[in-house]
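Novice: For reference, the structure I am asking about is given below.
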Amino acid sequence: MKKIILSADIGGTTCKLGIFDQQLEQIEKWSIETDTSDTTGYALLKNVYDSFVEHIDNSEFTFSDVLGVGIGVPGPVNFETGEVNGAVNLYWKDTVNVRHIFKQFVDCPVYVDNDANVAALGEKHKGAGQGSDEVVAITLGTGLGGGIISNGEIVHGHNGSGAEIGHFRVDHDQRFKCNCGKSGCIETVASATGVVNLVNFYYPKLTFKSSILQLIKDNEVTAKAVFDAAKAGDQFCIFITERVANYIAYLCSIISVTSNPKYIVLGGGMSTAGLILIENIKTEYHNLTFTPAQQGTEIVQAKLGNDAGITGAAGLIYTYIIEKEGVK
């Protein structure tokens with residue numbers, strides 16, 4: 001009987017769950033509602049376990065076939081201990097040791113990491129970064145996150161803050177406050193929230209007419225509306241798109257001279273803006289970046305979409321149990 005990996009991508013609204021084989025091929029996936037009523041995290045994790053039990057009971061597998069459980073969570077993670085500190089989207093008030101809680105339910109290895117890190121690992125194993133051990137993933141959503149894979153493993157740093165790239169300061173005028181408490185972070189100018197920030201900042205100062213004027217007046221601007229208008233030739237929205245692309249290109253340039261990845265993978269909702277964003281990023285990246293550091297590096301769009309999290313969570317077991325320890 002082949003072995004399996006259980007994976008969970010825990011979000012503020014839903015938990016995406018999956019079963020994978022030893023080659024990291026997806027066998028099954030499903031979702032459950034996230035229970036945020038218990039600030040200790042126990043109820044949520046028990047629900048995840050109970051859902052695994054239900055699906056395994058209805059399959060050809062048993063828990064003796066489980067090689068390990070990989071879990072991605074939205075918050076800072078101590079990879080060595082499995083502790084999550086500050087998962088505000090889950091309403092966890094204090095540090096929650098996800099590994100310790102889940103080990104009460106299962107008798108197998110449990111690995112826990114930040115959701116952006118596991119998404120990067122998913123793209124490295126089965127997505128746009130497949131075939132390389134040097135991959136950086138940048139998630140462009142409501143916020144901006146990322147994960148760095150170097151020598152085939154996630155970069156955590158000495159306290160788990162490695163690859164918190166959303167808090168790299170690029171706006172030296174510090175125009176917008178970040179959720180982290182500081183100002184000027186790239187998340188404030190190059191995420192979906194950042195696009196809206198820039199629209200509201202620049203529109204009163206410029207003479208461009210814009211098709212999104214009514215959206216601005218009604219406070220209903222979205223990043224998608226800006227990119228769609230830019231594609232249609234709206235000069236103000238093209239201007240905003242270029243500003244956003246320049247910030248992301250600058251971040252990619254810093255990443256290239258720091259970790260020198262083979263692939264820089266752009267994911268999240270904003271990455272679907274298409275060529276008008278990605279081509280601007282590539283152009284500015286090539287203008288900015290130290291020539292040897294950019295040679296052979298490709299900026300590509302993510303391939304896994306919403307499956308990046310569960311694939312990467314399973315990838316924790318694949319990377320650290322199957323590949324590193326040779327367990328099969």
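The values are calculated or read from the model by the stated rules, or taken from the named source; none is laboratory data. Bear in mind that the values here come from a model prediction, so they are computed numbers and not experimental data. We place every Cβ from the backbone using ideal geometry, glycine too, and count neighbours over all the protein chains shown.
Novice: If you take the residues in region 261-277 that are farther than 18 Å from Thr193 by Cα and aliphatic (A, V, I, L, M), which one is surrounded by the fewest Cβ atoms within 10 Å (Cβ to Cβ)?
Specialist: Top of the filtered list is Leu275.
Novice: Next question. Would you call Ser7 closer than 24 Å to Gly326 by Cβ, modelled with pLDDT of 95 or more and hydroxyl-bearing (Ser, Thr, Tyr)?
Specialist: yes
Novice: Same structure, new question: Write out, first by first residue and then by second, each pair whose Cβ atoms fall under 7 Å of each other, whose residues are 6+ apart or on separate chains, and whose first residue, in region 299-320, is at negative phi while the second is among the hydroxyl-bearing types (Ser, Thr, Tyr) and part of a helix (DSSP H, G or I).
Specialist: Ile299/Tyr285; Gln301/Ser271; Ala302/Ser271; Leu304/Thr311
Novice: Shifting gears a bit: Any chance region 226-235 includes a residue that's in contact (Cβ under 8 Å) with a residue 40 or more places away in the chain and either hydrophobic (A, V, I, L, M, F, W, C) or surrounded by 21 or more Cβ atoms within 10 Å (Cβ to Cβ) (or both)?
Specialist: The answer is yes, given that some residue of region 226-235 is in contact (Cβ under 8 Å) with a residue 40 or more places away in the chain and either hydrophobic (A, V, I, L, M, F, W, C) or surrounded by 21 or more Cβ atoms within 10 Å (Cβ to Cβ) (or both).
Novice: Please tell me if Leu140 is under 16 Å from the mean Cα position of the chain (by Cα) and within 18 Å of Ala273 (Cβ to Cβ).
Specialist: yes
Novice: Out of region 260-291, which residues are modelled with pLDDT of 95 or more, among the hydroxyl-bearing types (Ser, Thr, Tyr) and under 23 Å from Gly122 (Cα atoms)?
Specialist: Tyr263
Novice: Let me ask something else. Here are Ala137, Ala128, Ala116: which of them is of a type outside the set (S, T, N, Q) and at pLDDT below 95?
Specialist: Sole residue among the options that is of a type outside the set (S, T, N, Q) and at pLDDT below 95: Ala116.
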